Amino acid sequence: MVLTRRAALGMTGLAGLAAMAGGCATPGGEAADAAGTRTVEHPLGTAEIPVRPRRVIALDAGAGLQTALEAGAPLIASETLAGDTAIPDYLPKPPEGFQPLGFNEIDLERLTALEPDLIIGSRSRVEELYPQLTKIAPTVSYLNTADRVRWRDTALTVGDLLGARPELERRLTAFDTAAKEFAEQHAESLTERSVALVRFTADEVRILTGVIFPSDLLAQLGARRPASNEPEEADATYISLTRETVPVLADADTILYFSGGGGFAQESGELFAEVTDGPLWRRLPAVKAGRAHQLNALNWWDGYSTSAAQACLTELKTFPL
């Protein structure tokens, strides 16, 4: 039986969930019993999970898949990205026998047949079928940027669940060092020039802001955002534009932009071409000055890991800010 999950869920009650998770769904004080399990609390309940899981399924192509691969976890199956690239090349290769589960659907019979001893997934991914999933294996959810939790905190949460937090801490430290070096090398341009971050979806142009992965990355680098990139609501992750309101980006010295991502790369093509080939876009000062740079959506939108963040840094080094 294949059930399509909801693409998005409302934010009602997430303040309480975020407080419970504290940016990390695995709380302190959990204990391992003699059978090699431990009790963890998470946004959807409580689970008794293996201290050292051996057959992990991730129902999340973001933090679940990417952190599990970085941690070298025994990942037997996972949700993967739609489109031509199911698993980004910047990630470690999956273990032998790994099965891709596709994007945005759950096949309960298939999951049962895989005999996992742990199922993990973001709250929005597993919430709808959580009761059924718990009958297959211990199932743990975690918060992510949809819940206004930073990607790096989610990575540490997943690392905790997989018994691999030290490896994730090591990777985050290595990235932080690389990010600091980049910021120091480009301090002058990052200070003098404002940077707008734009994503094209199927039906609108969005300025990305807040805690969302690419915006958080620019914030860590010390990038200065123009007034057009400041949302009315402090925790908003994007500002919607139309074809006609694209000129608000005129206050940006540099524009970083990409098309699609999130499994829907093909759906933004028409709008993307219409806007970027149009006169309003071409008149933007950043575009006229040659400081509008198209990014790889696989890195900037589908990325949710230190590996993706490193790929973004590498990409930024290829053009002037």
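The values are calculated or read from the model by the stated rules, or taken from the named source; none is laboratory data. Keep in mind that what you see is a predicted model, and the values were worked out from it rather than measured. No Cβ is skipped: glycine too gets one built from the backbone with ideal geometry, and neighbour counts run over all protein chains shown. Keep in mind that these areas ignore ligands, DNA and RNA; they rest on the heavy atoms of the full protein, side chains included. Shrake-Rupley method; radii C 1.70, N 1.55, O 1.52, S 1.80 Å.
For this structure, a couple of remarks:
- Residue within the stretch 199-218 that is open to solvent by 20 Å² or more (accessible area, probe 1.4 Å), of a type outside the set (S, T, N, Q) and in a helix (DSSP H, G or I) present: no
- Looking only at the stretch 184-198, and only at residues there that are open to solvent by less than 20 Å² (accessible area, probe 1.4 Å) and touching a Leu at 6+ places or on another chain (Cβ under 8 Å), the one that is farthest from Arg243 (Cα to Cα): Leu190
- The residue that is nearest to Leu218 (Cα to Cα), among those in the stretch 120-163 that are of a type in the set (Gly, Ala, Ser) and surrounded by 24 or more Cβ atoms within 10 Å (Cβ to Cβ), is Ala155.
- In the stretch 105-120, residue modelled with the lowest pLDDT [restricted to those that are at negative phi and outside any helix (DSSP H, G or I)]: Glu105
Condition check ((1) part of a helix (DSSP H, G or I); (2) free of Cβ contacts under 8 Å to residues at least 40 places away in the same chain; (3) closer than 29 Å to Val158 by Cα; (4) touching a helix residue (DSSP H, G or I) at 6+ places or on another chain (Cβ under 8 Å)) across all residues:
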residue	(1), (2), (3), (4)
Ala234	no, yes, yes, no
Leu280	yes, yes, no, yes
Ala286	yes, no, no, yes
Pro320	no, no, no, yes
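- Residue list for the stretch 290-318, restricted to those being part of a loop (DSSP other than H, G, I, E, B), touching a residue at least 12 places away in the same chain (Cβ under 8 Å) and of a type outside the set (Asp, Glu): Arg291, Leu295, Asn296, Trp301, Gly303, Tyr304, Ser305, Lys317
- The criterion of being open to solvent by less than 10 Å² (accessible area, probe 1.4 Å) and of a type in the set (Ser, Thr, Tyr) does not hold for Ser259.
- Evaluation of Gly303 against (1) farther than 16 Å from Ile87 by Cα; (2) crowded, with 17+ Cβ neighbours inside 10 Å (one fails), failing number: (1)
- Residue list for the stretch 213-235, filter: modelled with pLDDT of 95 or more and of a type in the set (A, V, I, L, M, F, W, C): Phe213, Leu217, Leu218, Ala219, Leu221, Ala223, Ala227
- Residues within the stretch 199-216 that are under 22 Å from Val287 (Cβ atoms), of a type outside the set (Asp, Glu) and over 16 Å from the mean Cα position of the chain (by Cα), tallied: 5
- Inter-residue pairs, beta-carbon under 6 Å, first in contact (Cβ under 8 Å) with a residue 40 or more places away in the chain and surrounded by fewer than 13 Cβ atoms within 10 Å (Cβ to Cβ) and in the stretch 95-114, second part of a strand (DSSP E or B) and not basic (Lys, Arg), 6+ apart: Glu105/Val2; Glu105/Thr4
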